[in-house]
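Worksheet: the structure to be examined is printed underneath.
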Amino acid sequence: MVKKMPVSKKIYYALGQLGWSLAMGLINVWLVWFYFPSNESGITTTFIPQGAVLGVLTIIGIITMIGRFVDAITDPLIATISDRSNNPKGRRIPFMAKASLPLAALTILVFCPPVSKVSSINVLWLFITLILFYVAFTFYVTPYTALISEFGHTPEEKLDLSTYISATWFIGFGIASSASSIWPIFINMGFGMVAAMRITFLILGAVAFVLMMIPALTINEKDYSDSVPSNVPVLESMKATFKNKNFLYFTISDLAYWIAITVYQTGLVYYITVLLKLSPSWTFQMTVLTGIISFLCYPVINILAKKFGKKKMLIFAFVIFTAAYAFTSTLGRLSFNSNIQAYILIILAAIPMAIFGILPNAVIADIADHDAKLTGVRREAMFFGVRTFMSKIGQMLAMLVFTSVLLLGKEVGNDMGIRISAIFSAGVCIIAMVIFLKYNEKEVLNTTKKEK
């Protein structure tokens, strides 16, 4: 008989998410800024070619696209390996323990190209380190998210776990965004801009490593999970996963969501510095304020989701997100103060980000439970792995689109590319919402509740 996970263990589990969100946040927020800087960035060294490739693409866009694609195709493989694992310590946590150090180290190495000028060596360096980063990320995150379904023994417990890890995700992303407030300390000590950024990333990467190791060192997986290894081969398991129609509707809408949110995360520093003409340090301020408002919404969202259902809450979030992106496209052209425009964007973004931070993982856990009751096969990691696969395809497409539209203008006075990125994201959110309307939440939860 497995135990019910106490609050202390839930916190230890959630700290792992804080660690990986910090690592991924450094990549999402600062990678394009570092390698494809605007005039407002303060970065005077360029490491890779900045011009267009084939007229519409960029080197940084192509590398991130390939990296995400390689990363995405490893998700189902790692999910199957984890699902089929017979490790006496569990099917998930041993993977997390082994992936923590490589993930943290590669987070730092991505920003350390060896040549201090434009060079093909730097292109190769970025290509290799970024791909390895994404693979290490998958080795940690796919088993990690599968534990939501295993540690949460009821829909309510799954929702509570999702709330915990959503909170730590925001904290991790907020810390990553704060990097621009940290590296001036090292600049004032006499370091150059690039060196100061690297020292900052080194410190934050070390913090991420410690946080990612906490679940592996403090939680005995077997105490809270009675999962049985799956014997289904990877392709058969993946095919069966996509045959679940409710999962299909969810994951396609989730793909669209990841396109939109990645554009927002990557574009935020451009929206702030180019459209609003504010300091890069506002990236941290906006992230922190968004996080605080989101945290305040978490208890309310948890209660409303239990009362009205996760589907209605997610539809509402898509509507507000669409409005937020539409507003973003007008930043800097409105007649009132730039600071006020920034605060309005914070409020518009905070509520849907809180909803999306909590509910999707809980929805996947519900679907995985529902599928297991119908088929008799537990494939939690595959469901979460396919979700991660689709999210990375979304992030891949987002990075390709975002870096390409920047060619249309990414400077003050020539900002059309930045504005188009926001309009594009608004359209994607509308498509996602229409698709998610087909998700049958009642069918999923009725099966789950009957078995409880």
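The values are calculated or read from the model by the stated rules, or taken from the named source; none is laboratory data. From a predicted model like this one, the values you see are computed outputs, not experimental measurements. Note: ideal-geometry Cβ built from the backbone for every residue, glycine included; neighbour counts use all protein chains shown.
Listed by position, the helices (runs of 4 or more DSSP H) contained in the stretch 79-181 that have at least 1 residues being buried (at least 19 other Cβ atoms within 10 Å of the Cβ), of a type in the set (S, T, N, Q) and free of Cβ contacts under 8 Å to residues at least 60 places away in the same chain are 120-151.
Within the stretch 34-75, being part of a loop (DSSP other than H, G, I, E, B) and aromatic (Phe, Trp, Tyr) holds for Phe36, Phe47. Against the condition farther than 18 Å from Tyr439 by Cα and at pLDDT below 85, how does Met382 come out, does it pass? So Met382 fits the description; yes.
Filtering the stretch 296-332 to residues that are without any contact (Cβ under 8 Å) to a residue 40 or more places away in the chain and basic (Lys, Arg) leaves Lys307, Lys312.
Phe295 falls short on exactly one of the conditions (1) outside any helix (DSSP H, G or I); (2) surrounded by 16 or more Cβ atoms within 10 Å (Cβ to Cβ), and that condition is (1). All of Leu15, Leu26, Leu31 fail the test of being assigned to a helix (DSSP H, G or I), crowded, with 24+ Cβ neighbours inside 10 Å, out of contact with any His (no Cβ under 8 Å at 6 or more places or on another chain) and not small (Gly, Ala, Ser), apart from Leu26. Within the stretch 192-228, the set of residues being among the hydroxyl-bearing types (Ser, Thr, Tyr) and not in a helix (DSSP H, G or I) comprises Ser225, Ser227. Given the criteria farther than 25 Å from Leu18 by Cβ and either within 22 Å of the chain's Cα centre (by Cα) or hydroxyl-bearing (Ser, Thr, Tyr) (or both), does Ile59 qualify? Taking the combined requirement at face value, the residue does not satisfy it. Looking across the stretch 401-425 at every residue that is hydrophobic (A, V, I, L, M, F, W, C) and surrounded by fewer than 20 Cβ atoms within 10 Å (Cβ to Cβ), the one that is farthest from Ala52 (Cα to Cα) is identified as Ile423.
Restricting the stretch 228-270 to residues that are β-branched (Val, Ile, Thr) and modelled with pLDDT under 80, the residue that is surrounded by the most Cβ atoms within 10 Å (Cβ to Cβ) is Val232.
Being more than 30 Å from Pro94 (Cβ to Cβ) and modelled with pLDDT of 85 or more is a description that does not apply to Tyr298.
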